[in-house]
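Asker: The structure under discussion is supplied below as structure tokens; questions concerning it will follow.
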Amino acid sequence: MAKYMIGIIDAVNGKQGSVLNSEVMKQITQPMIYMTGFNSFLNRPTFPVSFKDCVYGYGHMLGSYRGYDYIHHGGATFGHFSYITTIPSLNMGVFSVISGDDYLYKDIRNMQMLMQLYLFDMMMGIEEPWIDQDGACSFPDKWKQSSRTFPAPEQAAPDRSTETDPKVIEYRSLDTDGDMSLPADVERYLGQYTNPVFPPLVLKLEESVMKFEMGQSNGTVSIKPDGRMEILLNRPTDPLHLPEADKTKAYLHFVLASDVTNQKMESVEFEYVERYKFHRSSALYLSSSFVAILGTVFFTLFKINLFLL
């Protein structure tokens, strides 16, 4: 990674012999999308300094810190998180990597980013960096409590309780049979739903619990007391043991089939930040019990064939 950072710095500075091509580096750091909020939590006058991503290039975020342009990006898989930042004009770069359960990227922001900014201050020769141990461990309380500026209130989620499309099954109209974990007519929801972009969305029953699967993602579906159909998405750590604010949740919106005699749901909208529509797959969906019976039949026929041979 040190060689890669040196390559970025040398390529941006046009240095001959760089391991990265200068022209290619110019292209991938060209502003493509203007960013308005990803790292805007570190802004003056609430904090002594600003560290704000301004634009996004081809896989690189660009912004400024203490008046110097930086290039950075983070990467993550379950349990492993990395972060790289370079300031080419100062020939500086920092790469950090941590392990653990980083829900909602809190460690990347509150640990890795602060650690990197502290190191940049030290390399710049700043005798008293703005971030210290107490400020890092309690971030951002030290500045939020003393600041006279207040963030704008979060926009309330849209109220969909008044939607009137008769085919849309709203959260609050889902009947239950006394068990808040399942709708009374659970068989109508089970099956496979497809989308041109995403992996198939599968809903199935396992030991009287509705399970959600979509590619490598999976979780448990339940009806909440307020009537919402909610997916609690699994992470490396059992989500049931997490604080409520750290649980990753998604929601399902169903649409009845146009043929009133067919009680299966014809489509579902998967809501996670945005809504994505899936249509019921025309392929036969096999329940776990049916698969077990089918497997027993084939195994029996296989034994009969061996006996006849």
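Asker: Rounded to whole Hz and in sequence order, give me ³J(HN,Hα) for segment 23-30 from the Karplus expression 6.51 cos²θ - 1.76 cosθ + 1.60, θ = phi - 60°, writing x for Gly and Pro.
Answerer: 5, 5, 5, 5, 5, 6, 9, 6
Asker: Let me ask something else about it. Got a sec? What order do S82, S208, S267 fall in by accessible area at 1.4 Å, biggest, i.e. largest, first?
Answerer: If we order S82, S208, S267 from most to least accessible, we get S208, S82, S267.
Asker: Run the 1.4 Å probe and let me know the accessible area of Y83, rounded to the nearest 10 Å².
Answerer: Spelled out: Y83, probe radius 1.4 Å, area about 10 Å².
Asker: Between K277 and F95, 0.36 nm times their residue separation minus their Cα-Cα distance comes to what?
Answerer: Going from the current span to full extension adds 61.6 nm.
Asker: A further question follows. So how exposed is H253, as accessible area in Å² (1.4 Å probe, rounded to 10)?
Answerer: Looks like 10 Å² after rounding.
Asker: Rank D134, D10 by accessible area, highest first, at a 1.4 Å probe radius?
Answerer: D134, D10
Asker: Right, next: Using a 1.4 angstrom probe on the protein heavy atoms only, could you order C54, C137 from most to least accessible area?
Answerer: Most to least solvent-accessible, the answer reads C137, C54.
Asker: Still on this model: How big is the accessible area of Y251 in square angstrom, nearest 10, if you roll a 1.4 angstrom probe over the protein chains?
Answerer: For Y251, solvent-accessible area is about 40 Å².
Asker: Let me ask another. Once fully extended, how much extra length lies between Y251 and M123, figured as 0.36 nm per residue of separation less the alpha-carbon to alpha-carbon distance?
Answerer: So the extension gain works out to 41.4 nm.
Asker: Turning to a different aspect of this structure: Take the residue pairs K52/K144; K3/K52; K52/K247 and return only those whose Cα atoms are more than 24 Å apart.
Answerer: K3/K52; K52/K247
Asker: Using 0.36 nm per residue, how much length does the chain from D141 to I28 gain when fully extended, once their Cα-Cα distance is taken away?
Answerer: Length gained, D141 through I28: 37.0 nm.
The values are calculated or read from the model by the stated rules, or taken from the named source; none is laboratory data. Just so it is clear, the model here is predicted, and its values are computed rather than measured. Just the protein is used for accessible areas: all its heavy atoms, side chains included, with ligands, DNA and RNA removed. Shrake-Rupley method; radii C 1.70, N 1.55, O 1.52, S 1.80 Å.
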